[in-house]
1. In whole Hz, with x marking every Gly and Pro, tabulate ³J(HN,Hα) for region 210-218 from phi via Karplus 6.51 cos²θ - 1.76 cosθ + 1.60, θ = phi - 60°.
2. Going by Cα centres, region 156-202 and region 301-325 are how many Å apart?
3. If I stretch the segment between Asp317 and Val401 completely, what's the gain in nm (0.36 nm per residue apart, minus their alpha carbon distance), one decimal?
4. I need the calculated FRET efficiency for the pair Phe350 and Asp86, taking r as the beta carbon distance and R₀ as 51 Å, to the nearest 0.05.
5. Return Ser156, Ser66 ranked ascending by Cβ neighbour count within 10 Å, so the fewest neighbours appear first.
6. For region 41-118, which GluC sites (Glu not before Pro) pass both filters: DSSP loop (anything but H, G, I, E, B) and at most 16 other C-beta atoms within 10 Å?
7. Hey, can you grab everything whose amide H is under 5 Å from the amide H of Tyr173? Only 5+ residues off in sequence or another chain; H modelled, so Pro and N-termini drop out.
8. Per-residue ellipticity at 222 nm for the chain, helices alone: DSSP H runs ≥ 4 residues times -39500 (n - 2.57), over residue total, nearest 500 deg cm²/dmol?
Amino acid sequence: TEACLAAIEDAGVLNAFVHHTADLALERAATADARLAQGAAPAMCGLPIGIKDLFCTKGVASQAGSRILEGFLPEYESTVSQNLVDAGAVMLGKLNMDEFAMGSSNETSVYGDVINPWRRAGDEKPLTPGGSSGGSAAAVAADLCLAATGTDTGGSIRQPAAFTGTVGIKPTYGRCSRWGVVAFASSLDQAGPMTKSVRDAAIMLEAMSGHDPKDSTSADLVVPDFEAALSGDIRGKKIGIPKEYRMDGMPDEIEALWQTGIAMMKDAGAEIIDISLPHTKYALPAYYVIAPAEASSNLARYDGVRYGHRAKLDQGDGITEMYEKTRAEGFGPEVQRRVMVGTYVLSAGFYDAYYNRARKVRTLIKRDFETVFAQGVDAILTPATPSAAFGLGEMTDADPVAMYLNDIFTVTVNLAGLPGIAVPGGLDANGLPLGLQLIGRPWEEAELLNAAYALE
Ligand code: GLN
């Protein structure tokens, strides 16, 4: 813990940690030492970790990367972060993120950009660590903590993991409680670990998981021993390669990465089979209707009364002006865009044309996966992202849709509620990490982690 706290101070320029809890960390580390001395240590006893700013942590600033939650000190601890405390983990502080987890580059954060510790060879230009869990990814990659929590609504664990050469798993929807995690799109949001290795991901996911009566969508299932499942033996497993993920204009290096992954799986004794997920091309448009729709509803609670920031009012202003001024000041441009899109697609005249249509597409996407799993496919292998980390500012001036295209390989997994993991798959020509993604059957994170283990 002391070494990590020193590293965090030295690496301030990365802007990964945004709220520091050094005193609390040292206190918890001392408790962990005592437990270790007594020989009664839980799974993560004394391990220093970072917590994404989206998780409510009791008495510790939890702003979801937004100005609107300025000054908000939760009275309660999220179930996932409490589970980690119970497992003995030591929180070093809160990690930077895109505002309300909306983004793919951490550039929508009220705290400013996070810098990826990786650079292109011979080029000092700062790169994005990805988003929205950009602070988590950068902190793990730069050794500021051993692991961190992330959340993934459309790829926010897997894409930043891929951009920083780290491991990130989004579990099956319902594996981790959403209680106390600031809501973005409730039917898609899941928490998960971001770590340096698949083994660490297995240990941390087990600690984070479990049924929680406070979240009605959390599954009442036994959490398996994920670490014990890591044999690395995948002989005879069927790995599906979906042809629809071979997008037009896919860079050669991404195709090469995919082929490397396929070869590794084959060498480990898996059977590679070509599969089809025919509705893949509709996933991104469906996601960018459903996620903003749910966000517009979830974000209605930030009204200047119940949480955080309230705008200064002029004489004679009424409650409407308070809402308008507070929300105009408190939400950044990307969040405002999502609220507008969401309100539009949910409005009476357009509900059927957009929102209901997107929900039908979502069902078709889910069925695509069910069909291939029913044919005996154990896991699906794809690239995690369509490119390596890009430069800060490189994509922000472009049309917002260019940024949304980053999620092309990841959103299907959230729409179908499946577990997905990103693991490092090698380096591109500039020496930047690239990530592979494995998608598993629902509730089979143990098998998924084991398949990922074979790729490490
Ligand atoms: N980049 C996606 C979005 O902006 C995904 C975000 C996430 O998974 N939280 O919506």
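Values quoted throughout were computed directly from the atomic coordinates according to the rules given, and no laboratory measurement underlies them. Everything numeric in this text was worked out from a predicted model, so none of it was measured. Every residue, glycine as well, gets a Cβ built from its backbone with ideal geometry; the counts of neighbours run over all protein chains shown.
1. Karplus-based 3J(HN,Hα) across region 210-218 equals x, 5, 9, x, 7, 10, 5, 9, 7 Hz.
2. The two parts, judged by their Cα centres, are 34 Å apart.
3. Difference between extended and current length: 26.6 nm.
4. 0.65
5. Listed from fewest to most nearby Cβ atoms, that is Ser66, Ser156.
6. Hits after loop and neighbour filter: Glu70, Glu75.
7. Hits under the 5 Å cutoff: Leu418.
8. -10500 deg cm²/dmol
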